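Student: First, the structure itself, so that you have it in front of you.
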Amino acid sequence: MRKNITILDGGFGQSIVNKGIAQIGTLWGCSAYLDKKDHHHVVDTHLEFIDAGSQIITTSNFTIRKRRLAQNNVENRLEEFLNIAGDLARKAVIQSQRKIKVAGSLPTQGETYKPDIYLSDEQLINEFEVTANTLNPYVDLFYLDVLCSQKEIECALKAVSKFNKDILIGIHLKKNGKLPSGEEILDLVPLIDKYNVKALIGGCISPEIYEISKLSLSKINCDFGFKINAFQDIPDNWSIQPGVNPNLNLGKRLDLDEDRFIQFCNNAIKNGATYIGGCCEINHHHIKSFVNQL
């Protein structure tokens, strides 16, 4: 079974924040890029997941997007921060002396967990291209990170298709099993087939949402899996608050410990999941416990 499973990392942003990094505005864990003295925390966090057994780590640039940087008056540092994210991920792999793949994060360009409705297709493609072009020298594949609509997914796929690298699509899903845009998982099948997507990942979703979505995921023509979170709830109207750890207003589940994570992963594997990982509040201890039992 181990040979058929790909182990992803966990919730990088929350792992950094929970180390005590001071959050600047709405930069979340990427606040670590503002001062070089904090860069080692990024490398250390990557290494924690590598040592835990992650085979793919994701560049930490979820909040490095034009809209979020503008909120914090650092929009002119987009490419600088992206280069730092790529470089630190690659440094962690070199230090680990292991054959670890780096996935370049292409995060949603709108508000987190909400469908993008304010950018044209051309604008979206351009913003994804800037991120992809900058990260490309550092990464082995691309991860479309918690995208929320078919439009956004298609624009991101167009932006990365020229690199001829594997693509994982991370889609956010609501409690009804649909994307925030209201579209169904199976609506993505034509895009998945056209762009030869490697896997479809339920991105930053609860275990319960994965459970109601697993049948649809199993019907697509590629591998599938998850990066589940351990938030108590993500309301439809939620927006990140400047300088506030998201787990203070979204809540952190106390029931999703390492044993529960292992149980969930094992059940998901029995039902066909091959990409196993975590998102917010799923840390390297969760990943290590699961890998150890494999």
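Throughout, read-outs are computed from the coordinates displayed, never taken from laboratory work. In this text the structure is predicted, and so the values were computed from the model without any measurement. As a convention, Cβ positions derive from the backbone with ideal geometry for all residues, glycine included, and neighbour counts pool all protein chains shown.
Student: Figure the gain on full extension for Lys36 and Asp121 (residue separation times 0.36 nm, minus the Cα-Cα span) and round it to one decimal in nm.
Tutor: 27.1 nm
Student: Still on this structure, I have one more. Given 0.36 nm per residue, what is the gain on full extension from Lys162 to Asn292 after removing their alpha carbon distance, in nm?
Tutor: This chain segment gains 43.0 nm when fully extended.
Student: All other residues with a Cβ under 15 Å from the Cβ of Ile212 taken together, and with Lys, Arg as +1 and Asp, Glu as -1, what is their net charge?
Tutor: +2
Student: Here's a follow-up. Please get the size of the charge dipole for the chain, origin at its Cα centre, with Cβ charges of +1 on Lys and Arg and -1 on Asp and Glu, quoted in debye to the nearest 20. Could you put the intermediate results ahead of the total?
Tutor: Details: 33 positive and 35 negative charges, 121 e Å.
Dipole size: approximately 580 debye.
Student: In the chain, if the dipole is taken from +1 on Lys/Arg beta carbons and -1 on Asp/Glu beta carbons about the Cα centre, which of Gln263, Ile201, Thr63 is farthest to the positive end?
Tutor: Comparing the listed Cα positions along the dipole, Gln263 ranks first.
Student: Using only the alpha carbons, work out the radius of gyration and Dmax of the range 1-76 in angstrom.
Tutor: Rg then Dmax for the range 1-76, in Å: 14.1, 48.
Student: Based on the Cα gyration tensor of the range 106-238, what are the three equivalent ellipsoid semi-axes, each the root of five times an eigenvalue, rounded to whole Å and given largest first?
Tutor: Working: eigenvalues 99, 57, 36 Å².
Whole-Å semi-axes of the equivalent ellipsoid: 22, 17, 13.
Student: Checking a compactness column here: for the range 2-293, what do you get for Rg(Cα) / (2.2 N^0.38 Å), N being the number of residues?
Tutor: Normalised Cα radius of gyration, the range 2-293: 0.90.
Student: Now for a different question. Note the direction-averaged projected area, equal to a quarter of the hull surface, for the Cα convex hull of the range 218-294, in nm².
Tutor: Details: hull surface 25.8 nm².
In nm², the orientation-averaged hull projection of the range 218-294 is 6.4.
Student: Run the simple label-point estimate for Asp140 and Asp44 please: 7 Å along Cα→C-beta, distance reported in nm.
Tutor: 2.6 nm
Student: Given a Förster distance of 22 Å, report the FRET efficiency between Asp193 and Leu215 from their Cβ-Cβ distance, rounded to the nearest 0.05. Working shown, then result.
Tutor: Values: r = 19 Å, r/R0 = 0.87.
Approximately 0.70, to the nearest 0.05.
Student: Amide H of Asp223: which non-local residues (sequence gap of 5 or more, or other chain) have their own amide H closer than 5 Å, using H built in the peptide plane?
Tutor: Leu200
Student: Could you check what % of the DSSP bridge pairs in the range 114-270 are antiparallel, to the nearest 5? Display every interim value, and only then the final one.
Tutor: On the way: 1 of 16 bridges.
Around 5 percent of the beta bridges assigned by DSSP in the range 114-270 are antiparallel ones.
Student: Follow-up question, since we're still on this one. Tell me, what is the percent relative contact order of the chain, built from C-alpha pairs under 8 Å that lie six or more residues apart?
Tutor: Relative contact order of the chain: 22 percent.
Student: While we're here: Taking the simple approach of a point 7 Å from Cα along Cα-to-Cβ for both Gln97 and Asn4, what is their distance in nm?
Tutor: 3.4 nm
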